[in-house]
Amino acid sequence: MFEDADHQLDATGLLCPEPVMMLHNKVRDMQVGQTLHVLATDPSTERDIPKFCMFLGHELLDQHADSQLFEYLIKKC
């Protein structure tokens, strides 16, 4: 869905807090303005990833949930 993102993070099969920990590490290595496509299967990411973005000042450009797959597009600010 977000194939044109600068970076990809596959956190499928991982449970809280691992997806957000991986997200934090990945965003740290990105340049400001770059985008990250995150795939996850843990429903808690619907709460955790928007809070992560708000707390650290990154922009959640889009999110999509389809059955058991959660996708996020994040821009590093």
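The values are calculated or read from the model by the stated rules, or taken from the named source; none is laboratory data. Every value quoted in this text rests on a predicted model; they were computed, and no experiment measured them. We place every Cβ from the backbone using ideal geometry, glycine too, and count neighbours over all the protein chains shown.
Quick rundown of the values:
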quantity	calculated
Filtered residue count, the stretch 42-56, keeping only those that are part of a loop (DSSP other than H, G, I, E, B) and crowded, with 16+ Cβ neighbours inside 10 Å	1
Tabulated pairs, the stretch 58-77, first under 16 Å from Leu9 (Cα atoms) and aliphatic (A, V, I, L, M), second modelled with pLDDT under 95 and surrounded by 13 or more Cβ atoms within 10 Å (Cβ to Cβ), C-beta under 7 angstrom, 6+ apart or interchain	Leu73/Phe2
Subset of the stretch 31-57 (residues that are under 9 Å from Ile74 (Cβ atoms) and touching a strand residue (DSSP E or B) at 6+ places or on another chain (Cβ under 6 Å))	Thr35, Leu36, His37, Val38, Ile49, Cys53
Some residue of the stretch 57-69 being touching a Cys at 6+ places or on another chain (Cβ under 6 Å) and surrounded by 18 or more Cβ atoms within 10 Å (Cβ to Cβ)	yes
Selection from the stretch 1-25 of residues that are of a type in the set (S, T, N, Q) and either part of a helix (DSSP H, G or I) or at pLDDT below 95 (or both)	Asn25
The stretch 26-39: number of residues that are of a type outside the set (D, E, K, R) and either out of contact with any Leu (no Cβ under 9 Å at 6 or more places or on another chain) or assigned to a loop (DSSP other than H, G, I, E, B) (or both)	5
Tally of residues being farther than 15 Å from Cys53 by Cβ and buried (at least 16 other Cβ atoms within 10 Å of the Cβ) across the stretch 12-29	1
